[in-house]
Amino acid sequence: MDLVTVNALSYEDFVETFGNVVEKCPIVAAAVWSNRPFVSVTELDDAIGRFIDALPDSGKEGILRCHPDLAGRDLQGGTLTRESQEEQAGAGMDRLDATEASRMSQLNEDYKRRFGFPFVICARMNDKATVLLRLTERLKNEAAKERALGIQEVKKICRLRLHSLLQADTLNKL
């Protein structure tokens, strides 16, 4: 899909197409639709980022809560979104041994108990060892810092998902 097509999409088609670039948050796509026409993928990505940044802390935490646990029950049960399934598999989260799976489960629970939302990291930019390391490290953060880091990771995920949806030749023109 190129930007001419993106800019011509009806509201409904735009939300259908881009509704999961931020995990299970079609409201983000709905909100940025009115910013069309976009002259570049970067402009679309920036519009999404501005919308997220303008949210109060409770809204940012809501976005974080829409993300599944890494290597959690949704992965095991096959109920992840297609995008999350591919991203977690790419990071090796579907191939944890018993010790790694137990550790990941405990760390996920500790993290949610401490911060009130799941640990979010761009799985496409990490492997399972790095995910486990970052989860362990980030458990030590203060809540405000962790919320900000989580939102930075959401934006990375969003950017990669946007680029996956749009043709490579469009990206090369930017």
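The values are calculated or read from the model by the stated rules, or taken from the named source; none is laboratory data. These numbers were taken from a predicted model, which means no experiment stands behind them. Virtual Cβ from ideal backbone geometry, glycine too; neighbours counted across all protein chains shown. For accessibility, only protein heavy atoms count, side chains too; no ligands or nucleic acids. Shrake-Rupley method; radii C 1.70, N 1.55, O 1.52, S 1.80 Å.
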If only one of GLU87, GLU12, GLU100 is outside any loop (DSSP other than H, G, I, E, B) and open to solvent by 60 Å² or more (accessible area, probe 1.4 Å), which one is it?
GLU12
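If you take the residues of segment 104-127 that are among the acidic types (Asp, Glu) and not in a loop (DSSP other than H, G, I, E, B), which of them is most open to solvent (accessible area, probe 1.4 Å)?
Of all residues in segment 104-127, those among the acidic types (Asp, Glu) come to 109-110, 127.
Keeping just the survivors that are not in a loop (DSSP other than H, G, I, E, B) gives 109-110.
Working: GLU109: 80, ASP110: 47 Å².
Residue satisfying both the conditions and the ranking: GLU109.
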Just to be sure before I move on: is VAL4 under 19 Å from ARG161 (Cβ atoms) and not in a loop (DSSP other than H, G, I, E, B) in the structure I sent?
no
Suppose we filter segment 19-33 for residues that are among the hydrophobic types (A, V, I, L, M, F, W, C), open to solvent by less than 40 Å² (accessible area, probe 1.4 Å) and either under 16 Å from ARG65 (Cα atoms) or in a loop (DSSP other than H, G, I, E, B) (or both); how many remain?
4
From the set of residues in segment 60-75 that are open to solvent by 20 Å² or more (accessible area, probe 1.4 Å), modelled with pLDDT of 95 or more and in a helix (DSSP H, G or I), which is nearest to ASP94 (Cα to Cα)?
ARG65
Every residue in segment 128-139 that is surrounded by fewer than 17 Cβ atoms within 10 Å (Cβ to Cβ) and either in a helix (DSSP H, G or I) or touching a strand residue (DSSP E or B) at 6+ places or on another chain (Cβ under 7 Å) (or both), please.
ALA129, THR130, LEU133, ARG134, THR136, GLU137
Hey, any hits in segment 34-41 for a residue that's over 30 Å from ALA144 (Cβ atoms), aromatic (Phe, Trp, Tyr), out of contact with any strand residue (DSSP E or B) (no Cβ under 6 Å at 6 or more places or on another chain) and part of a helix (DSSP H, G or I)?
no
